Structures are given as C-alpha cells and as structure tokens.
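Peer 1: Have a look at this one.
Each value in this text was obtained by applying a stated rule to the coordinates, not by laboratory testing. Values in this document were obtained by computation on a predicted structure and should not be read as measured data. With ideal geometry, Cβ positions are generated from the backbone for all residues, glycine too; neighbour counts draw on all protein chains shown.
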Amino acid sequence: MPDVFADLVGQDEAVGTLRRAAAAAAAVLRAAAHPAGVGAGRPAATTGADLDAFAEEAETEGPPANPAVDPGGGMTHAWIFTGPPGSGRSVAARAFAAALQCAYGTGCGECPGCHTTMAGTHADVRLVVPEGLSIGVGEMRALVLRAASTPSGGRWQIVIIEDADRLTEAAGNALLKAIEEPPPRTVFLLCAPSTHPDDVSVTIRSRCRVVPLRQPPAAAVAEVLVRRDSIAPDVAHWAAAAAQGHVGRARRLARDPEARRRRDAVLAVPRRLTGVGTALDAASALIEAAEAEAEASVAEADAAERAALQTALGAGGTGRGAAGAIRGAAGQLKDLEKRQKSRATRAQRDALDRALVDLAGFYRDALTMALRAPVAPVHTDTAAMAEAGAQKWDAEGALRRLEAVLECRAAIEANVKPRIAVEAMMLALWKG
Ligand SMILES: [Zn+2]
C-alpha cells in the first residue's frame, strides 16, 4: 500500500498542510507521554529514541515545519475540507485521519493504524455518510457522545462527517457544542462544498481550520486512473476530461459500460430537440433515466436492510413471542422505510445532477468553440456536434443554453420539482 495521501490527486498544497499538522499532532502525543519535557519547551526531546524520531521526521518533512520546534503548531481539533464534488474531500479527510493514527510517521500506508483507517475498520475513526437528504440530530448526538470517549488506540478519536452541508440545523448545533468544548483527544473532520453559510454555519466555520481543495486537472486524474486502477492511458484521458475533474466519476466512466451508455444518452439530447414535443419527451426521458439509475443503486441495500431488520425482529418465528415482536416492529419497519425513501430521493437527485453536469459540459464546449478559446473540450467524443452547435447558435446562443442548464441545477437544489425544472430547461435549450 502506498503512502495514504497517494490518491489525493493534484492537491500538493493541501497535502503539505496535512502532513505538517500530522507531524505536529504526533509531537503532541509524544509530549504527553513525556510530561517532564514540557517546562523546558522541548517537550519530546528528552530521550535518545525521541531525538532519533525527530531526526527522521525532519528529514521527511523538510525545513518549514520541524515539529520539534513547534509541537502543536498547525494541529487543531476541527477541520473543514472544501472543494467541488469529486475533488477528493472525503479522500483527504480519510487520509488525514490515517496520518493521525499512523504509528511510524505521517501516513506511511504500511502500519496497522494507516491500514485500518483506510479500510474503514479503525476503532477510533468514525465515518458519517448521510444516506438521506440530511444528517439528523439523533445520529449526531450519539456520535458526539462516542467521540468523547478515550481513544482505544492511545492516539486520537476521529469523527469524519462527509457532506457536512447536509446536517440539519439541530444536528449542526449538537456538533457545534462538541467543537466548542472539545474532548482533549478528539478531532472532527468535516467535508463540505464550500464555507458559504448555506453549507456550513458561520459559528462552526469560525472554530475550524479550512483546507481548500482544487478541482484536479484532467491530466492528474488520468494519471491516477492509470497508476491505481490499471486503466489504459487513452481511456483514462478521455474519462478524466469527460468527468470534468471528478475522480470517482472518471473511474466509473472508464470502467462501467452502463455509466458510459447513460452519458451517451444524455449527450444525444441537444441533437434531438426539434420542437416542443421532443423537448418534453427529452425531459421525461432524462427524469426516468435518473429514477431508474437511482433505483438500481439503492435496491440492493434496501433489500439487505429489510431482511436484516426482519431477522433481528424475529420474523419467520411462529411462537406467541414472535407475534408480539412483529406488532412492536411495525414502527421500526416504518422508520426504515422512511430512511430508505429519503435515500432514494437523494440518489435520484444525484443521478439527475450528473446528467445535468454532462449536458452543461456540452454547451460549455459549444461556447468555447464559438469564442475560439484555446481550451480542450470536455467531451472529446461530441466535439463535432458542439462545433455544429457553435456555428448555429453563436457564442450568445451557446451561453444562453449553458445558463439554462445551470439554472435547472440551481432550481432543483432549491427544491423545485425536478420534472418542472427539467421541462423548463429543455424548452429553453430548444428555443435558445
Ligand atoms: Zn502508518
């Protein structure tokens, strides 16, 4: 296994920050283990072994951050990773967690601390992945409570919250309380698209250190697909460009023929818009494709959860006890159904959003071609069609269409019914 930061594509600056913080955190732990040194201002440099460790770290870290000089510097208990979808927010959070739990350095990738964190099985690292539209207060309270316990591995208790922008207000408040009065060995790692107040409350933001991630360049994404996933270079370069900097999406496009077929169907839309009827048909097709994709993606998990709950509740039993258990279980089943419905809605929106991003890429290509801008197209395989669009619409018409797609995304994000938003967009794309 390579270094834990290896998959964080094109984010050298962020990786540098995180490595320095992990080194500082390790120094804090050493200082705590040798309290006699604290008064001297050189906390951990009290034994030969520690000095050796420092010498090693100084070699790998370089001059700007010698943790021996500044233990605790650069390390803090609450972090926010921001960046566009696919830039690697959760990859960064997980790698940093591994670096903090690393026994030998700042994320060697070899030790049990690194291994278990990256595999998601470390006892002191908890990952919250919201499945529905938001993270509820109950889930957050339970999490905060567990995060306050002493780390079993003797290092840090780490809570990673993916999509912190999907916290409910009450859940955000529960989290804020924990961040305001942090237990000494607890670290919170939040992931969000930005630090805009819509995504993260101002009070939480003010207590966190922010690590901004960039949209990785296509060449860097292609490189990781070739190296890590053994994807052929030409396929990797096509997928990296088509995915517009989204690493996970690029991998899916490169590997999954079904994902490629869906993308082809979306990119065929502009050519088909010849009238009101075809525009409305295209809207229906897009919505239904998103629904089908979402259904396929959650069906397996839904069935497994239902079966697990039924087993736990004793369904299939025949005694009097079993009958009582089933009556009491109705409420739990209802809860589960509610959670699953919320997850399905999220999956549908995500699928639709991916389609809209592909479509936006097409009109962006038409726009840059109309302007003769010297940039590579997003969708190399529909470049000829985009060029034809550029001729027909001119820059202004291409821009209006690009804006129609972006407005549709914004409307759905603001809870406009997807069908209504998509129909309005298709009509705008047809009329220009
Ligand atoms: Zn390690």
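Peer 1: Name the shape class, rounded, prolate or oblate, that the alpha-carbon gyration tensor gives for the chain, where a ≥ b ≥ c are the square roots of its eigenvalues, rounded holds for a/c under 1.5, and otherwise prolate holds if a/b is larger than b/c and oblate otherwise.
Peer 2: Numbers: a/c = 2.24, a/b = 1.37, b/c = 1.64.
Oblate is the answer for the chain, as a/c is 1.5 or above yet b/c matches or exceeds a/b.
Peer 1: If each DSSP helix of 4+ residues adds -39,500 (n - 2.57) and the sum is divided by the residues in the chain, what number results at 222 nm, nearest 500 deg cm²/dmol? Write out the running numbers ahead of the final one.
Peer 2: On the way: 16 runs with 264 residues, N = 432.
-20500 deg cm²/dmol, from helical runs alone.
Peer 1: In whole Hz, with x marking every Gly and Pro, tabulate ³J(HN,Hα) for region 74-91 from phi via Karplus 6.51 cos²θ - 1.76 cosθ + 1.60, θ = phi - 60°.
Peer 2: Each residue of region 74-91 in turn: x, 9, 8, 8, 9, 10, 10, 9, 10, x, x, x, x, 6, x, 4, 6, 4 Hz.
Peer 1: Mind jotting down the distance between the C-alpha centroids of region 2-18 and region 195-261, whole Å?
Peer 2: If you average the Cα positions of each part, the centres end up 14 Å apart.
Peer 1: Another question, then. What is the packing order of peptides 386-395, 243-252, 171-180, taking the mean over residues of other C-beta atoms within 10 Å and listing the highest first?
Peer 2: Packing proxy ranking, top to bottom: 243-252, 171-180, 386-395.
Peer 1: Shifting gears a bit: With no solvent and one equal point scatterer per Cα, compute the Debye intensity ratio I(q)/I(0) for region 198-288 at 0.17 Å⁻¹ and report its log10, rounded to two decimals.
Peer 2: Taken in order of the listed q values, log10 I(q)/I(0) reads -0.81.
Peer 1: Long-range amide H contacts for Val187: which residues qualify at under 5 Å (H placed 1.01 Å from N, peptide plane, sequence gap of 5 or more or a different chain)?
Peer 2: Gln157, Ile158, Val159
Peer 1: Which Cα, out of Leu176, Gln11, Ala78, lies furthest along the positive dipole direction of the chain (beta carbon charges, K/R +1, D/E -1)?
Peer 2: Going by the charge dipole, the pick is Leu176.
Peer 1: Sticking with this one: Taking 0.36 nm per residue of separation and subtracting the Cα-Cα distance, what length does fully extending Ala299 through Lys338 add? Walk me through the numbers before you get to the answer.
Peer 2: On the way: separation 39, 0.36 × 39 = 14.04 nm, distance 1.45 nm.
Stretched out fully, the Ala299 to Lys338 stretch lengthens by 12.6 nm.
Peer 1: Please name which of Gln340, Pro2, Gly105 has its Cα lying farthest along the dipole of the chain towards the positive end, using unit charges on Cβ (Lys, Arg +1; Asp, Glu -1) and the Cα centre as origin.
Peer 2: Result: Gln340, furthest along the dipole toward the positive end.
Peer 1: Could you give the size of the charge dipole of the chain about its Cα centre, using +1 on the Cβ of each K and R and -1 on the Cβ of each D and E, expressed in debye and rounded to the nearest 20?
Peer 2: On the way: 49 positive and 51 negative charges, 200 e Å.
Once rounded to the nearest 20, the dipole reads 960 debye.
Peer 1: Note down the relative contact order for region 236-302 as a percent, whole number, built from C-alpha pairs under 8 angstrom at least six residues apart. All intermediate terms of the calculation are to be shown ahead of the outcome.
Peer 2: Working: 26 pairs, mean separation 10.4, N = 67.
16 percent.
Peer 1: Return the FRET efficiency for the residue pair Asn415, His34: r is the Cβ-Cβ distance, R0 is 41 Å, and the value is rounded to the nearest 0.05. The partial results should precede the final answer.
Peer 2: Numbers: r = 55 Å, r/R0 = 1.35.
Efficiency for this residue pair is about 0.15.
Peer 1: For the chain, what relative contact order do you get, as a whole percent, if you take Cα pairs closer than 8 Å and at least 6 residues apart? All intermediate terms of the calculation are to be shown ahead of the outcome.
Peer 2: On the way: 626 pairs, mean separation 61.5, N = 432.
In percent, rounded to a whole number, it is 14.
Peer 1: Under a crude label model (7 Å from the Cα following the beta-carbon direction), how far is Ala170 from Leu371 in nanometres?
Peer 2: Between Ala170 and Leu371, the simple spin-label model gives 4.7 nm.
Peer 1: Tell me which residues come under 5 Å, amide H to amide H, from Leu371 once H is placed; ignore anything under 5 positions away on its chain.
Peer 2: Placed amide hydrogens put nothing under 5 Å from Leu371.
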